[in-house]
Amino acid sequence: MFTGLIREIATVKNYANNILSIQSKHQAKLGDSIAINGICLTVIKVNSDGFDLELADETRSIIDDTKLSGHVHLEPAMQLSDRFEGHIVQGHIDCIGKITHITKRENATDFIIEVEAKQINYIVPKGSITIDGISLTVNEVYSDTFRLTIIPHTLKETLMGEYKIGTTLNIETDLFARYIEHILRNRATKKSLSWSEVDALQMQF
């Protein structure tokens, strides 16, 4: 589990044959879970200047490969002793978004991000969302876009200050919104168990 608070801007040394090599100050250990631009990956090798991670087929089918080059956001998995900030982040990318508008304001910058319309159900006004591993708050939600308002500190401490119109993003929607939608959808399509079915289930234990 992660919190969406970026700990380091690391550098991709190489990405080939499903292996991602990262140059980082973070002292990783074999088997550690580390989020790279919001993608939860496992350390398979520790190097003198960083570590290697492996990407599974499922992961590669969802993420944006362009996010695995240059500078990247890095967050180690949360430990039980850590202070909990940000929000609950799994490191499981749901979709790819794209920046369509950037508007600078007096002391913040608005980003309008486009996603598949079906993902809007999991994006909640004033709720949490993860953009390239960054925990952010959603301001407004539209039919297939949503608005973020980013303060100068976040722009300075993350890569968002370099993002432009057309930049693609790894997006993880709100965990609780996904769970609630799944429960309600299945409750609507499945009939209640009969007493005989309940008795049959009890006999199995």
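Points to keep in mind about this one:
- Subtracting the Cα-Cα distance of GLU181 and ALA77 from 0.36 nm times their residue separation leaves 34.8 nm of extension gain.
- Among ARG185, ARG147, ARG60, the largest mean-square fluctuation in a Gaussian network model of the chain, built with springs joining Cα atoms closer than 10 Å, belongs to ARG185.
- Amide H contacts of ILE6 (H built 1.01 Å from N, in plane; Pro and chain starts excluded): SER135 sit under 5 Å, all sequence-distant by 5 or more or on other chains.
- On the beta carbon distance between SER69 and ASP110, with R0 = 35 Å, the FRET formula returns roughly 0.85.
- Secondary-structure-derived ellipticity at 222 nm for the chain, considering helices only, amounts to -5000 deg cm²/dmol, per-run term -39500 (n - 2.57) for DSSP H runs with n ≥ 4.
- Residues whose placed amide H lies under 5 Å from that of ALA35, excluding near-sequence neighbours: LEU41, GLU75, ALA77
- Residue-span extension gain [LYS98 to ILE165] - 0.36 nm each, minus C-alpha spacing: 23.3 nm
- Amide H to amide H, with H built 1.01 Å from N, ASN14 comes under 5 Å of SER21, counting only residues 5 or more places away or on other chains.
- FRET E, pair ASP57, ASN121, Förster distance 35 Å, beta-carbon r, rounded to 0.05: 0.85
- Here the Karplus curve 6.51 cos²θ - 1.76 cosθ + 1.60, taken at θ = phi - 60°, turns the phi angles of the stretch 110-119 into couplings of 8, 10, 9, 10, 9, 9, 4, 4, 5, 7 Hz, with x standing for Gly and Pro.
- In the elastic network of the chain, a GNM with C-alpha springs shorter than 10 Å, the most mobile of ASP57, ASP94, ASP32 is ASP57.
- Backbone geometry of the stretch 8-16 corresponds, through the Karplus equation with coefficients 6.51, -1.76 and 1.60 at θ = phi - 60°, to 3J(HN,Hα) couplings of 6, 9, 9, 10, 7, 7, 6, 9, 7 Hz, x marking Gly and Pro.
- Under 17 Å, Cα to Cα: Lys pairs in the chain, sequence gap 8 or more or different chains: 12
- Rounded to whole Hz, the Karplus (6.51, -1.76, 1.60) HN-Hα couplings of the stretch 100-109, x for glycine and proline: 10, 8, 10, 10, 7, 10, 4, 9, 6, 10
- Answer label for Cα Rg over 2.2 N^0.38 Å (calculated), chosen among [x] 1.03; [y] 1.29; [z] 1.17: [z]
- Length-normalised contact order of the chain in % [C-alpha pairs under 8 Å, at least 6 apart]: 22
- Most mobile listed residue (ASN47, ASN107, ASN121) in the chain, GNM with C-alpha springs under 10 Å: ASN107
Bear in mind these aren't lab numbers, they're just calculated from the coordinates by the rules spelled out. It should be emphasised that the depicted structure is a prediction, and the values quoted were computed from it without experimental measurement. Counting neighbours? That spans all protein chains shown, and the Cβs are built from the backbone with ideal geometry, glycine included.
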